[in-house]
Amino acid sequence: MSELEKFRREARDWIIENCPATLRDGETGIESICWGGDKWVFTSSAQKHWLECCREKGWTVPTWPKEYGGAGLSSAEGKVIEEEMSSLDARLPLYNMGIVMLGPVLLKYGTHEQKLMHLPEIASGKVRWCQGYSEPNAGSDLASLNAKCEDIGDAWLINGQKTWTSSADKADWIFVLVRGDNSVPKHQGINFLLLPVDCVGITPRPIELISGKSPFCEVFFEDVKVPKEYGENCPSMVGDEGRGWEVATYLLKFERGGLAGLRDKDVDLVGQAVQVYGIDNNGRLKNGVFRSKLVKSRINEATFEAASGFLRGAKGDDGAMSSVMKYYGSQLIQREFEIRMDLGGSSALELQSDAEGELSQKWLYSRAYTIFGGTSEIQLNILSKRVLKLPGK
Amino acid sequence: MTLQLNEEQMMLKEAANGWLQDHAGVPMFRKMRKSGSVFSDEIWRDMAGMGWCGLLVEEKFGGSDFGFVGAGIVAEEMGKSLTISPFISTAVIGATAIGRWGSESMRVEWLPKIVEGSVKLALATDEAVKHNPLSISCAAERDGSHFVLNGSKTFVADGQFADQFIVSVRTSGNETDAQGVTLFLVDAKAGGLSRRPMRTLDARDTAHVKFENVRVSSGTIIGKLDMGAPILEALLSLGRAVLAAEMVGAATQSFDLSVEYLKVREQFGRIIGTFQALQHRAAQMYVDLTMASSIAYRALLDLDINSESAGNTSSIAKAKCGEVALSIANESIQLHGGVGMTDEYDVGLYFKRIRVAQEQYGDYDFLTDMIASSGGY
């Protein structure tokens, strides 16, 4: 048996021993996950226990170095843990933007002291991060962002507005893109800053969507003072001054990768379809048009799953694959919700009818999938430029 | 990116790519098409010499037992270079039919010949204009230790030059019964067997094959009498998965040619590849192609590990790859504009090959109907 197979067996045994049975239900939905942070209220003692077990072992972030709260495992071993948790239907112990996005960025661009300050608190679930990227006038054209960052000696002075900031009202810290220099081309002059959300002058306000309540917030910055250093060799800025765009785009790669995976747990579409339309003597759905739609959607899902599987098994990623998956996966999710709405019929359209009301909200919200994290059009731009090398103007 | 190939597979891919481009690429296709004969025995024996005909044959019969992913790799490269060969008919379907379900004497007789490229097999299943493999009217009546075959088959890939046919025949029951189907291995020279060329759009030597009182011994049965339907299904699955890979190859080449064209063609004083309307279409094609490749190799892997779902995955792969390849072939011509319609440009050749491959072993409509039915709806 290879070392890795031995590790797989040990990992499996450990998960079986430590993951509470109630969390072995394969749930991956937003509501089922522990997001961590100072304001987090555990939904069960099992959730708390599972987080503590994994934190102890460094398995909330297995591939991070031990000194930063990880287990110092290889990416192959990290993948094994992921695969075993998934095959055992174990929920993730902890999931948030610190783990998925900021962590990898700090590991690449942070100083040792920055890593020491932030990574262990992300790993343990003590600090929850949010992302201050988009602005009202900087959506797809993110690099045109305009939140001001002035140098006032030993601190930065921030003024401006961010929007589409997920969970700004629940997070403890925010990583934010701000403009330090207006006199240079737009991709230069951007800074990447780390600051606590409870700084004086920061006001988050939740945004209501067509689907109702949402995790998104607007965040207003009014004369917010951010110290340049949180300690020796531990600046509040990641990367060099004016080089924030490079850091920002490196992070986006992880955001896109993460988004493609947000799926609802298996829904028995076939069972529902049989109930709604009935089956003819040859075992086919009586509505052939719907049947074609359903089978097409399922073929595309199987295809996406195949691609996801190979992506997980891949050694490196050039970023192009995350655009492919985001583009395809987001549309797939939308199709799926459209089909579920079709099957729900009028009951799915009734306001506040319990079970189906939830579906219509999800369907409404699913329109956001092709917008956030870089719209579908932006993904196509990325692919045509970076992969196909098609010329600019 | 799709399946990450291991070192052995990567070597096979590079070898196939290099050799096919040099010896069996588009210029060769054009030359042979002009001369009227598109199949070359010499090229086939060279391919056998490189071990491609033994990829799915056990080592004791001279093969390498490399597996279906390997076969898919070769097929994909053949798709790119538009190579004409009975690779799928013989080295994939034929070799597996005999290797897995043939009698010991059949295996001893035929497998070494398949490996060395001295015999070409073809699968004869279709009887009507649309693929419907379990609706069989071709019939065989027992006559002592022999059977007498009557009926006809159509759209037989590589049927014009095959030496042996694998023929699905009804030996009992009614036309659409699952029981009562038998597979026979029939010599192309058998008395009463005749074939007519059915030169397809892609210039291949497909055939109509007719059986008039063809006498075959019971020793030519592949599998068991009356129990051929599941074997036929399995063989078609292999054909579908490997053909899906070939279509991915053809679509990839067609796509690459189109992207190159976008980079050189000027209109309105600009390279047309600078227009976002065209860039986005190219990028969408890239996404689709990546997905198609993923499901094709998923199916091939499932076949290699003998997964229970391999048949279904192969159907999904063929349906998806056919859909994507055809759409890319269409788009490739559109992106080329007028020259895309000329015989001089290669995109039209890929268009024709993809259209024929899309029909082979079941088109999108057939396969999706089957996928839905096996999914219980």
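The values are calculated or read from the model by the stated rules, or taken from the named source; none is laboratory data. Worth saying up front: this structure is predicted, and the values here are computed from it rather than measured. All Cβ positions, even for glycine, are placed from backbone atoms using ideal geometry, and neighbour counts span all protein chains on display.
Would a scan of segment A:80-94 turn up a residue that is in a helix (DSSP H, G or I), more than 30 Å from A:Lys362 (Cβ to Cβ) and free of Cβ contacts under 8 Å to residues at least 60 places away in the same chain? Quick ask: steps written out before the conclusion?
Let us first name the residues in segment A:80-94 that are in a helix (DSSP H, G or I), namely A:80-87.
Those left that are additionally more than 30 Å from A:Lys362 (Cβ to Cβ): A:80.
Filter once more, so that each one left must be free of Cβ contacts under 8 Å to residues at least 60 places away in the same chain: none.
No, the conditions are met nowhere in segment A:80-94.
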Legend entry - Yes/no for B:Gly67 being surrounded by 23 or more Cβ atoms within 10 Å (Cβ to Cβ), closer than 18 Å to B:Ala15 by Cα and small (Gly, Ala, Ser): no
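Return a yes/no flag: does segment A:173-183 have any residue that is over 24 Å from the mean Cα position of the chain (by Cα) and without any contact (Cβ under 8 Å) to a residue 24 or more places away in the chain.
From segment A:173-183, those over 24 Å from the mean Cα position of the chain (by Cα) are A:179-183; that's our starting set.
Among the residues that remain, those that are also without any contact (Cβ under 8 Å) to a residue 24 or more places away in the chain are: A:182-183.
Checked against the condition, which is being over 24 Å from the mean Cα position of the chain (by Cα) and without any contact (Cβ under 8 Å) to a residue 24 or more places away in the chain, segment A:173-183 yields at least one hit.
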Inset, instruction - Examine segment B:279-286 for a residue that is surrounded by fewer than 22 Cβ atoms within 10 Å (Cβ to Cβ) and more than 13 Å from chain A (Cβ to nearest Cβ), and state whether such a residue exists. - result: no
Legend entry - Residues satisfying the stated conditions in segment B:335-377, i.e. in contact (Cβ under 8 Å) with a residue 40 or more places away in the chain, facing chain A (nearest Cβ under 10 Å) and aromatic (Phe, Trp, Tyr): B:Tyr364
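When you scan segment A:154-179, how many residues do you find that are outside any strand (DSSP E or B) and either modelled with pLDDT of 95 or more or charged (D, E, K, R) (or both)? Before you say what the answer is, go through the steps one by one.
At the first step, the residues of segment A:154-179 found to be outside any strand (DSSP E or B) are A:154, A:167-172.
From what's left, either modelled with pLDDT of 95 or more or charged (D, E, K, R) (or both): A:154, A:169-172.
Going through segment A:154-179 one residue at a time, the tally reaches 5.
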Inset, instruction - Spot the failing condition for A:Asp318; the list is (1) farther than 19 Å from A:Asp268 by Cβ; (2) at pLDDT 95 or above, and only one is missed. - result: (2)
Inset, instruction - Answer yes or no: is there a residue in segment B:15-36 that is touching a residue at least 24 places away in the same chain (Cβ under 8 Å) and polar (S, T, N, Q). - result: yes
Inset, instruction - Return yes or no: is B:Leu201 under 28 Å from B:Ile73 (Cα atoms) and surrounded by fewer than 19 Cβ atoms within 10 Å (Cβ to Cβ)? - result: yes
Legend entry - Residue within segment B:179-195 that is more than 16 Å from B:Met227 (Cβ to Cβ), surrounded by 14 or more Cβ atoms within 10 Å (Cβ to Cβ) and touching a Ser or Thr at 6+ places or on another chain (Cβ under 8 Å) present: yes
Inset, instruction - Take segment B:248-267 and flag every residue that is buried (at least 23 other Cβ atoms within 10 Å of the Cβ) and out of contact with any Leu (no Cβ under 8 Å at 6 or more places or on another chain). - result: B:Gly249, B:Ser254
Legend entry - Checking A:Ala307 against (1) part of a helix (DSSP H, G or I); (2) modelled with pLDDT under 95; (3) more than 7 Å from chain B (Cβ to nearest Cβ); (4) surrounded by 16 or more Cβ atoms within 10 Å (Cβ to Cβ), the condition it does not meet: (3)
Inset, instruction - Tell me, yes or no, whether segment A:368-385 has at least one residue that is more than 14 Å from chain B (Cβ to nearest Cβ), over 30 Å from B:Gln4 (Cβ atoms) and either at pLDDT 95 or above or in a helix (DSSP H, G or I) (or both). - result: yes
Inset, instruction - Would you check if there is a residue in segment B:149-171 being surrounded by fewer than 21 Cβ atoms within 10 Å (Cβ to Cβ), at positive phi and in contact with a helix residue (DSSP H, G or I) (Cβ under 9 Å, 6 or more places away or on another chain)? - result: no
Inset, instruction - Report yes if some residue within segment B:218-237 is touching a strand residue (DSSP E or B) at 6+ places or on another chain (Cβ under 6 Å), in contact (Cβ under 8 Å) with a residue 40 or more places away in the chain and exposed (fewer than 15 other Cβ atoms within 10 Å of the Cβ); otherwise report no. - result: no
Inset, instruction - Quick one: B:Ser37 ticks every box in (1) assigned to a helix (DSSP H, G or I); (2) over 30 Å from B:Ser218 (Cβ atoms); (3) small (Gly, Ala, Ser) except a single one, so which number is it? - result: (1)
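Return yes when B:Asn306 is part of a loop (DSSP other than H, G, I, E, B) and either more than 9 Å from chain A (Cβ to nearest Cβ) or in contact with a helix residue (DSSP H, G or I) (Cβ under 7 Å, 6 or more places away or on another chain) (or both) and no when it is not. Spell out how you get there, then give the answer.
Numbers: part of a loop (DSSP other than H, G, I, E, B): yes; either more than 9 Å from chain A (Cβ to nearest Cβ) or in contact with a helix residue (DSSP H, G or I) (Cβ under 7 Å, 6 or more places away or on another chain) (or both): yes.
Yes: the conditions hold for B:Asn306.
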Inset, instruction - Filter segment A:106-121 down to residues that are among the hydrophobic types (A, V, I, L, M, F, W, C) and crowded, with 20+ Cβ neighbours inside 10 Å, then give me how many there are. - result: 2
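Among B:Leu326, B:Leu301, which is the only one that is assigned to a helix (DSSP H, G or I) and under 16 Å from the mean Cα position of the chain (by Cα)?
Values: B:Leu301 fails: under 16 Å from the mean Cα position of the chain (by Cα).
The match here is B:Leu326.
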Inset, instruction - For B:Glu260, state whether it is among the charged types (D, E, K, R), assigned to a helix (DSSP H, G or I) and within 11 Å of chain A (Cβ to nearest Cβ). - result: yes
Legend entry - Residue count, segment B:1-54 (criterion: under 30 Å from A:Glu305 (Cβ atoms), surrounded by 16 or more Cβ atoms within 10 Å (Cβ to Cβ), out of contact with any Asp or Glu (no Cβ under 8 Å at 6 or more places or on another chain) and away from chain A (no Cβ under 14 Å)): 1
Inset, instruction - Would you mind listing the strands (runs of 3 or more DSSP E) fully within segment B:111-216 where at least 1 residues are over 24 Å from B:Phe87 (Cβ atoms), without any contact (Cβ under 8 Å) to a residue 60 or more places away in the chain and of a type in the set (Ser, Thr, Tyr)? - result: B:146-156, B:181-187, B:193-197
Legend entry - Whichever residue in segment A:277-304 is among the polar types (S, T, N, Q) and under 17 Å from B:Thr2 (Cβ atoms) and, among such residues, is farthest from the other protein chains (Cβ to nearest Cβ): A:Asn300
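Working carefully through the options A:Glu10, A:Glu52, A:Glu5, A:Glu77, find the one that is over 21 Å from the mean Cα position of the chain (by Cα) and either in a loop (DSSP other than H, G, I, E, B) or closer than 30 Å to A:Ala168 by Cβ (or both). Let's see the steps before the verdict.
On the way: A:Glu10 fails: either in a loop (DSSP other than H, G, I, E, B) or closer than 30 Å to A:Ala168 by Cβ (or both); A:Glu5 fails: either in a loop (DSSP other than H, G, I, E, B) or closer than 30 Å to A:Ala168 by Cβ (or both); A:Glu77 fails: either in a loop (DSSP other than H, G, I, E, B) or closer than 30 Å to A:Ala168 by Cβ (or both).
Criteria check complete, one pass: A:Glu52.
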